[in-house]
1. Considering only residues of the range 82-91 that are open to solvent by 10 Å² or more (accessible area, probe 1.4 Å) and under 11 Å from Leu39 (Cβ atoms), which is nearest to the chain's Cα centre (by Cα)?
2. Restricting to the range 25-56, and then to whatever is of a type outside the set (Asp, Glu) and over 26 Å from Pro96 (Cα atoms), can you tell me which residue is most open to solvent (accessible area, probe 1.4 Å)?
3. In the range 69-81, is there at least one residue being of a type outside the set (Gly, Ala, Ser), out of contact with any helix residue (DSSP H, G or I) (no Cβ under 8 Å at 6 or more places or on another chain) and crowded, with 17+ Cβ neighbours inside 10 Å?
4. Could you identify the single residue in Gly56, Gly34 that is on the phi > 0 side of the Ramachandran plot and in a loop (DSSP other than H, G, I, E, B)?
5. Do we find that Gly128 is crowded, with 16+ Cβ neighbours inside 10 Å, in contact with a Cys (Cβ under 8 Å, 6 or more places away or on another chain) and at pLDDT 80 or above in this structure?
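The values are calculated or read from the model by the stated rules, or taken from the named source; none is laboratory data. Being a predicted model, the structure only gives us computed values, none of them experimental. In this analysis, Cβ positions are derived from the backbone assuming ideal geometry, glycine residues included, and neighbour counts consider all displayed protein chains. Accessible surface is based on the protein model in full, side chains and every heavy atom, while ligands, DNA and RNA are left aside. Shrake-Rupley method; radii C 1.70, N 1.55, O 1.52, S 1.80 Å.
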Amino acid sequence: SQHDFVDFDCAGATLSPATVEYFGSWIEAVDAMGARPILSLSYVPPCYARDGQPKGPVTDTVGYRAFLDQLFDALVVKREAAGDVPLRYFELWNEPDIPLNPGDPSNGHGYVGTVEEFVATNLPSLAGAILAAEETSGVDIEVGTPAAFSPWPFERYAPTVAGLIDAA
């Protein structure tokens with residue numbers, strides 16, 4: 001499955017080397033300009049998403065977490081261990097309140113689900129993968145909340161994020 005810049009083999013449950021190489025080059029290029037790269041985690045491999053929709057709620061939390069662990073391992077853990085610039089900044093979805101492109105529902109920033117579904121199905125895996133990558137790499141990962149307006153106010157999911165972090 002390829003979406004945006006992520007190529008994930010659902011059958012083999014693996015992140016493609018081309019994806020890792022692409023993001024590595026991107027991290028280096030942004031860093032070379034003196035900027036800090038930030039990756040919006042706005043994608044679910046279709047094999048782990050409701051109705052195969054990569055912009056929607058997770059149906060297989062174990063598979064989704066394994067995908068995220070691979071992504072964080074490649075972009076944070078292994079890069080730090082190799083002495084390369086690790087990716088330190090992430091956003092938990094980008095503008096989930098903006099509707100998807102009606103002509104192509106796999107395209108756009110939006111989220112095909114409710115805030116409650118995001119909190120229940122997407123957020124635990126995202127928080128868990130981030131915390132695991134921090135612990136393994138020693139990298140302090142900075143996380144931004146979804147850039148959105150109502151009905152996605154920070155107050156609706158912030159207590160859940162704090163609870164997930166405190167539980168770790």
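1. Only one residue tops the list, namely Glu91.
2. Met33
3. Within the range 69-81, one or more residues are of a type outside the set (Gly, Ala, Ser), out of contact with any helix residue (DSSP H, G or I) (no Cβ under 8 Å at 6 or more places or on another chain) and crowded, with 17+ Cβ neighbours inside 10 Å.
4. After applying the criteria, what remains is Gly34.
5. no
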